[in-house]
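Enquirer: For reference, the structure I am asking about is given below.
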Amino acid sequence: MVVEGVLHPLERRVGDHVLADHRVHERVGTVVVVAIASVVIGIVISDRLTRPLAEMADEARRVIAGDWDAIQPVPRSDELGVLAGALYEMTARLRELVQSLERRVTERTRVLQATTEVSRAISAQLDPDALVREVVDLVRERFDLYYVGLFAVDASTEWAVLQAGTGTFG
């Protein structure tokens, strides 16, 4: 006998299971949505962190290859901006040091070449007077000096006597 409005105990249990299954499905759906949102947020955050680092690594490789202007200041105020600024400053200082060393090497190479030429002239010239004039001329030309004078100490060792001079002094 079925009474209207009164549920049989079996019907009540089936209804509870259907309601419980519905709640489980809602929770699973919520968990899936939260998981997908977490993955998307993680990808976005990861990209915001790794892209600037990858760009800095690429710029550093370009500097190593000789492109001193590869690193530019980054308008960021976070840790990546501080790191980029430090990398920019280090590159600028390194560029200055390398350029300074290159200038010094060029100058020293020029001095060594001039010294070699003067030495060659000394070993080839047998006449002392001609040797003095040639050495004075070569030293002035090769070392880019406006005047060169060669002095010798006299027999009393009190006076320096000009033996040869070239250029204009003043």
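The values are calculated or read from the model by the stated rules, or taken from the named source; none is laboratory data. As the structure is a computational prediction, the values presented were derived from the model and not from experiment. With ideal geometry, Cβ positions are generated from the backbone for all residues, glycine too; neighbour counts draw on all protein chains shown. Side chains included, ligands, DNA and RNA excluded: accessible areas come from the protein's heavy atoms. Shrake-Rupley method; radii C 1.70, N 1.55, O 1.52, S 1.80 Å.
Enquirer: Of the residues Val139, Val132, Val148, Val82, which single one is in contact with a helix residue (DSSP H, G or I) (Cβ under 8 Å, 6 or more places away or on another chain), surrounded by 12 or more Cβ atoms within 10 Å (Cβ to Cβ) and part of a helix (DSSP H, G or I)?
Expert: Val139
Enquirer: Could you list all residues from segment 151-166 that are aliphatic (A, V, I, L, M) and either assigned to a helix (DSSP H, G or I) or open to solvent by 50 Å² or more (accessible area, probe 1.4 Å) (or both)?
Expert: Val153, Ala155, Ala160, Val161, Leu162 - these are the residues of segment 151-166 that are aliphatic (A, V, I, L, M) and either assigned to a helix (DSSP H, G or I) or open to solvent by 50 Å² or more (accessible area, probe 1.4 Å) (or both).
Enquirer: Looking at segment 103-116 only, could you name the residues that are among the charged types (D, E, K, R) and in contact with an Asp or Glu (Cβ under 9 Å, 6 or more places away or on another chain)?
Expert: Hit for segment 103-116 is Arg110, nothing else.
Enquirer: Can you tell me which of Arg110, Arg120, Arg142, Arg93 is closer than 21 Å to Ala60 by Cβ and of a type in the set (Lys, Arg)?
Expert: That would be Arg93, the only listed residue that is closer than 21 Å to Ala60 by Cβ and of a type in the set (Lys, Arg).
Enquirer: Let me ask something else about it. Which of the numbered conditions does Pro52 fail, given that it passes all the others? Conditions: (1) part of a helix (DSSP H, G or I); (2) surrounded by 11 or more Cβ atoms within 10 Å (Cβ to Cβ); (3) modelled with pLDDT under 80.
Expert: Tallying (1) part of a helix (DSSP H, G or I); (2) surrounded by 11 or more Cβ atoms within 10 Å (Cβ to Cβ); (3) modelled with pLDDT under 80, Pro52 fails exactly one: (3).
Enquirer: With respect to Val118, determine if the residue is within 30 Å of Asp137 (Cα to Cα), over 13 Å from the mean Cα position of the chain (by Cα) and surrounded by 12 or more Cβ atoms within 10 Å (Cβ to Cβ).
Expert: Answer is yes for this residue.
Enquirer: Can you tell me which of Arg103, Arg110 is touching a Lys or Arg at 6+ places or on another chain (Cβ under 9 Å) and either surrounded by 10 or more Cβ atoms within 10 Å (Cβ to Cβ) or acidic (Asp, Glu) (or both)?
Expert: Sole residue among the options that is touching a Lys or Arg at 6+ places or on another chain (Cβ under 9 Å) and either surrounded by 10 or more Cβ atoms within 10 Å (Cβ to Cβ) or acidic (Asp, Glu) (or both): Arg110.
Enquirer: Now a separate question. Pairs needed: first member in segment 149-170, more than 10 Å from Val136 (Cβ to Cβ); second member anywhere, hydroxyl-bearing (Ser, Thr, Tyr) and open to solvent by 90 Å² or more (accessible area, probe 1.4 Å); C-beta distance under 7 Å; at least 6 residues apart or different chains.
Expert: That search, which allows pairs on different chains as well, returns Thr168/Tyr146.
Enquirer: Could you grab me the full set of residues in segment 63-79 that are at pLDDT 85 or above, open to solvent by 80 Å² or more (accessible area, probe 1.4 Å) and touching an Asp or Glu at 6+ places or on another chain (Cβ under 9 Å)?
Expert: None; the set is empty.
Enquirer: Let me ask something else about it. Would you pick out the residues in segment 131-149 that are among the aliphatic types (A, V, I, L, M) and within 10 Å of Ala114 (Cα to Cα)?
Expert: Of everything in segment 131-149, those that are among the aliphatic types (A, V, I, L, M) and within 10 Å of Ala114 (Cα to Cα) turn out to be Leu138, Val139.
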